[in-house]
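For reference, the structure is listed below as structure tokens.
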Amino acid sequence: MRVFKFGGASVKDAEAVRNVVKVLKEVGHEDTLVVISAMGKTTNAMEKVVAAYFDNKSQISSSIQEVWEYHETILSELFQNKNHPVYEKVKTLFEEVKGFLAWNKSPKNAFVYDQVVGYGELVSTTIISEYLNEVGLPNIWQDVRNLIKTDNSYRDAKVNWERTQEQVSKLDTSKLYITQGFLGSDDNNFTTTLGREGSDYTGAILAYCLNADSVTIWKDVPGVLNADPRNFDETQLLDEISYREAIELAFYGASVIHPKTLQPLQRKEIPLHVKSFVNPTNDGTTVGKGVGISPKVPCFIVKKNQVLIKLSSLDFSFIVENNISEIFKLLHDHRMKVDLIQNSAISFSVCLDNKFNGLQAMLDELKRKFKVVCHEDVSLYTIRHFDDNAVKSLENGRSVLVEQRGKETVQLVVK
Ligand code: ADP
Ligand code: ASP
Ligand code: MG
């Protein structure tokens, strides 16, 4: 079986959905499980619904209405017959969101987030599955929450591999399946999510459990490039990269592949293809075993909106194991994601992603024990396979707050 993944950009409007059909017809759709994200920027829009629920209840209904209208436009372009059952199905999903918000008693943001935001994927796959049926690609709509079982760390759920394997083994591998990325469910069958951009990871989890022949993620770029074309003018396509290299790139923030995607694939040596949904028969990039990176060129990665914290001891004492373990406990407790660390005798710098908004509470605690300098809105640049020119091109006119060099990688925190 093959696993395909179509992300938000590939299903952002009716024309994009028609293009998915074109891709499936061109490259074949037998024995394929297709993982699909929410359409366009729906997940961001659903996050606004959650924010309204917690901070400004009067905005709930207009924020849901916005998401509905976006999908209604797509629906009306794809299905001229207004009596098509897809309309009822999608409306029911929106009613479920409203019902949940009306009845929910949990004050927990992350729990509510997962119950609400996941509807983006449920709606997109409902529309696309129905559309494929309509254009002669009969398929099964599969609720991925019945396949991927997780713990209850909402917004960042961990897969229960044994239970997931058991569920996935029940699939009929000769069929075309349409299922949701990003979602799972916990022991009580509440929806969980695997972290933003997690649909690539969904593809990998399912491929692992299916012993799939390959995974293809269809993108708006020709494949994995040596830099994000949104941030760099000149980019080059990487034809082949090893799992190891891809894990490194994704870990440092090359957002074309979700970092968790590679591990399950690497364990079973399932090749990952990253291809263009505009030119589906082009080779794109293959991630597999073997060669490090071809062609061997410097790769640039930037993570914007990071936070750099410099800690030093109040009494000029050393920052050693016991303080460091205390600092890391705080980072963990406040769900801060660590990008880079650097320490000297009496100071400790850490570059962080304030993904879950734990920064302020953590700073308050740190300030009781350390002198704290905090730079918000810094960028972390990473160059893999760097050379002097590559480093110079980044330093150019910028104020570098931290620089760290390894054999293959240089990282700069820049204001
Ligand atoms: P999806 O539609 O699957 O969610 P994403 O938008 O998450 O797709 O990923 C595709 C985007 O990733 C591209 O449009 C590109 O701007 C960005 N990107 C970041 N780093 C790279 C890279 N090294 N190579 C290619 N694209 C990259
Ligand atoms: N829809 C989710 C997100 O935007 C998951 C994904 O697209 O990968 O984060
Ligand atoms: Mg994405």
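Any read-out appearing in this document is the output of simple, stated calculations on the displayed coordinates, not a laboratory observation. This is a predicted model, so every value here is computed, not measured. Ideal geometry is used to build each Cβ from the backbone, glycine not excepted, and the neighbour counts take in all protein chains shown.
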Would you compute, for the Cα atoms of the stretch 266-370, the largest minus smallest coordinate along each principal axis and list the three values in descending order, in whole Å? 62, 27, 27
As a test of the formula, what do you get for the chain when each DSSP H run with n ≥ 4 contributes -39,500 (n - 2.57) and the sum is divided by the residue count, at 222 nm and rounded to the nearest 500 deg cm²/dmol? -12000 deg cm²/dmol
Short to long, in 5 Å steps from zero, the percent of alpha-carbon pairs of the stretch 59-191 per bin is 2, 9, 18, 19, 19, 15, 11, 6, 1, 0
Tell me which residues come under 5 Å, amide H to amide H, from residue 355 once H is placed; ignore anything under 5 positions away on its chain. 337
For the chain, what's the radius of gyration and Dmax over Cα atoms, in angstrom? 22.6, 74
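Expressed as a fraction of 2.2 N^0.38 Å, the rule-of-thumb size for a compact globular protein of N residues, what is the C-alpha radius of gyration of the stretch 170-320?
Values: Rg = 18.6 Å, N = 151, 2.2 N^0.38 = 14.8 Å.
So the stretch 170-320 has a normalised radius of gyration of 1.26.
What is the extension gain from residue 267 to residue 368, computed as 0.36 nm multiplied by their sequence separation minus the C-alpha to C-alpha distance, in nm to one decimal? Walk me through the numbers before you get to the answer.
Working: separation 101, 0.36 × 101 = 36.36 nm, distance 4.43 nm.
Roughly 31.9 nm would be gained on extension.
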Cα-based Rg (one decimal) and Dmax (whole number) for the stretch 1-75, in Å? 15.6, 47
Expressed in nanometres to one decimal, the distance between label points 7 Å along Cα→Cβ at residue 244 and residue 82 is 6.1 nm
Would you mind getting me the FRET efficiency between residue 395 and residue 355? Use the beta-carbon distance for r and R0 = 41 Å, nearest 0.05. 0.90
Return the subset of 108/310; 48/219; 22/303; 25/175 for which the Cα-Cα distance in this structure is over 23 Å, preserving the input order. 108/310; 48/219; 22/303
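Within 14 Å, Cβ to Cβ, of residue 372, how many net charges do the neighbouring residues add up to if Lys/Arg are +1 and Asp/Glu are -1?
Working: positive: 310, 367, 368, 369, 371; negative: 326, 364, 365, 376.
Charge balance near residue 372 sits at +1.
Please compute the net charge surrounding residue 395, taking Lys and Arg as +1 and Asp and Glu as -1 over other residues with Cβ under 14 Å from its Cβ.
Details: positive: 392, 398, 405, 415; negative: 387, 388, 403.
The answer is +1.
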Please list, ordered by chain and number, the residues whose modelled amide H lies under 5 Å from the amide H of residue 402; skip anything fewer than 5 residues away on the same chain. 413
Long-range amide H contacts for residue 141: which residues qualify at under 5 Å (H placed 1.01 Å from N, peptide plane, sequence gap of 5 or more or a different chain)? 178
Calculate the spin-label point distance for residue 95 paired with residue 337, positioning each point 7 Å from the Cα along the beta-carbon direction, and give it in nanometres. 3.7 nm
Pop out the ³J(HN,Hα) list for the stretch 137-153 in order, Karplus 6.51 cos²θ - 1.76 cosθ + 1.60 with θ = phi - 60°, rounded to Hz; leave Gly and Pro as x. 10, x, 8, 10, 7, 10, 6, 5, 5, 8, 9, 8, 9, 9, 7, 10, 7
Based on alpha-carbon centroids, what's the gap between the stretch 110-165 and the stretch 226-259 in Å, whole number please? 27 Å
How far is helix 199-210 tilted, in degrees, relative to the longest principal axis of the Cα atoms in the chain, given as a value from 0 to 90 rounded to the nearest 10? 70 degrees
Going highest first, how would you order 190-196, 98-104 by mean Cβ packing within 10 Å? 190-196, 98-104
